[in-house]
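Just below is one structure, and these are the notes that go with it.
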Amino acid sequence: MPHDDKISLKTFWDTLEQRLTASSADELRAILRALAQETPPTQRQTFLDKLKPMTKESAAAVKKAVGQDKLLADIDDLAAEIESAMEGAEYYEEDHYEWGEHYDDEDGLGAYEEFVEPFTALFDRAEAVFDYGDLKLARAAYQKLFELLVLEDDYGRGVRSHDLSNVDIGEARARYLRAVYETQLPKHRPKALFEQMQQVRLWIVSPYPMLDDILQISRAPLPDRERFFEEWIAFLREQKGADADAWLREAIRLARGTPGLEELARAEGKKRPRAYLDWFTALEEEGKHREVLVAAQDALQTLRAGLPIRAAVADHLYAAATESNETAARRAARWEAFIAAPSLVRLIDLWEATPNAERTDLMRQAAQRAKDQIAHPPRHEDVFDGTWNMDHLEQPVLTNKSTLAHAYLLAEDWDAGYELAAREKVLGWSSPEGAQGLVVSFFLALLSGKQPGALPANVKQLWEWGLEYSSGSGYWEAGGEKKEDSVLERLERAHAERIATTSMSRGKQTQFLAWCLDVAKKRMNAIVGEQHRGSYDKAAVVILACAEVLRLRDDRAGANAVVNEARERFPRHRSFQAELNARLGK
């Protein structure tokens, strides 16, 4: 079973050999005795058998034990059994549906669970064949096994790589590719390896195949390594696409190190912008932060404006400027990153890197950038381009209205924030695509006259929801994943800093409070009137938050009127009345 902290096979054997060489005979005896002491009674004979030297006869016996001579036939037998099961998939579905066991998840194993154990055993045998050096057989066996992993019935089910929890599928893939390499004539290796590395991407979605996996899967050095690397690099330069680009950059790093990456970035950075990132990473590993700073600034001068990957370049610039204590460069890096990728997180980055006296003006500029991005969004195919790069560094950011609303509020552009939110519907506040919930909660928090840490209960709850929903945190947690806590915490801190240093004219206060109250009533009517029972608490909170603000502003009569109106509007909705009572108690 794969582990997050595992080391490569080559590193394992190299380290083992180093320790064996460094240990004396007495020390090795002590190690063996300690291992023997830990051996369970039922495994003692197996332990002793492993201490016998491997002879030709014993090696032949082991090969026979793993069934090397009929491995391919056994894989074919398993394939026939799986295909037979797939032919009867419809009857299996009907039987289990009648018994209340309907499998509606395409990733579920269903009838194929029984094949996991024999599948795993065949992968183990293929690994043994590889270890014994029969690479031609190993190549054929792995190919057959991988092809079985993409078989599926009419319901989209089959045995997938993630179902084989006791198989390290990454190492299996690496053994297959190493076998492809060593069984191919040298002059055909680049083309054959390229085709098969692309092929395994269809068999196994992740992890992504890299050349270093092939180097690390065997104790033996790669045959004809130097010749192959030069031919591999030349071949990849002639290929198109993200795959070829990634493998070219890796090959240059392995063959020529940091100087090779620098040469590639300087010569082909416009065509291959990720070469800059690889170069910067290599320099950072060597502790050369000043060189990263200069090189990243050059890259931003070279790369076309508007490229999303400029944000990643700016991140390297920011890290280097931090290490070098270059304040101006740090601020410039944050601005470049936001311009390239105007997301909420990068807006917070920009706020935190900017001195207090300059924040308002810079947030106004950021709001204009976000507004432009919303008005002229990137093409759908650019955002969802289907490439293998899961970091999305080259994909444009889809800026949403909540990001724009945050920028307006941090810029103290109250009118713009109001106009953005006023056009929206009073339902759907839990979506990060909207702005109304955030703007209403911000105005009520500001109009309360209290700092965010001292807000009354319902204003506080509404404010927390506003931040949570607008940042997308609620969506992430609902899906079973936890978004980075610091994003929400940093957002809270930014707005607390804004509220602590801001002011609003009396006329604006009156205008926005009246608007908030109007929206609150409409939201209550929509939620309770349409009987969205799961949201009665939200209707109660927004109404009572308005009442709390009115009371803090010495308008007790207005506060009581708001609560009484809510009670009288829905006298027979007991669940809503209960929510009002519970929230009033707080």
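The values are calculated or read from the model by the stated rules, or taken from the named source; none is laboratory data. Fair warning: this is a prediction, and the values are worked out from it, not measured in the lab. In this analysis, Cβ positions are derived from the backbone assuming ideal geometry, glycine residues included, and neighbour counts consider all displayed protein chains.
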Restricting segment 1-35 to residues that are part of a loop (DSSP other than H, G, I, E, B) and surrounded by 10 or more Cβ atoms within 10 Å (Cβ to Cβ), the one modelled with the lowest pLDDT turns out to be Pro2
Here, helices (runs of 4 or more DSSP H) confined to segment 400-518 with at least 3 residues that are assigned by TED's automatic domain parsing to the domain that holds Ser535 and modelled with pLDDT under 90 are 473-478, 485-501
Gln395 passes all but one of the listed conditions (1) under 26 Å from the mean Cα position of the chain (by Cα); (2) buried (at least 17 other Cβ atoms within 10 Å of the Cβ); (3) modelled with pLDDT of 95 or more; the exception is number (3)
Practice prompt. Kindly check whether there is at least one residue in segment 276-295 that is touching a residue at least 60 places away in the same chain (Cβ under 8 Å) and either closer than 17 Å to Tyr181 by Cα or acidic (Asp, Glu) (or both).
Written response: no
Of the residues in segment 400-451, those that are closer than 20 Å to Ser505 by Cα, surrounded by fewer than 23 Cβ atoms within 10 Å (Cβ to Cβ) and not hydrophobic (A, V, I, L, M, F, W, C) number 8
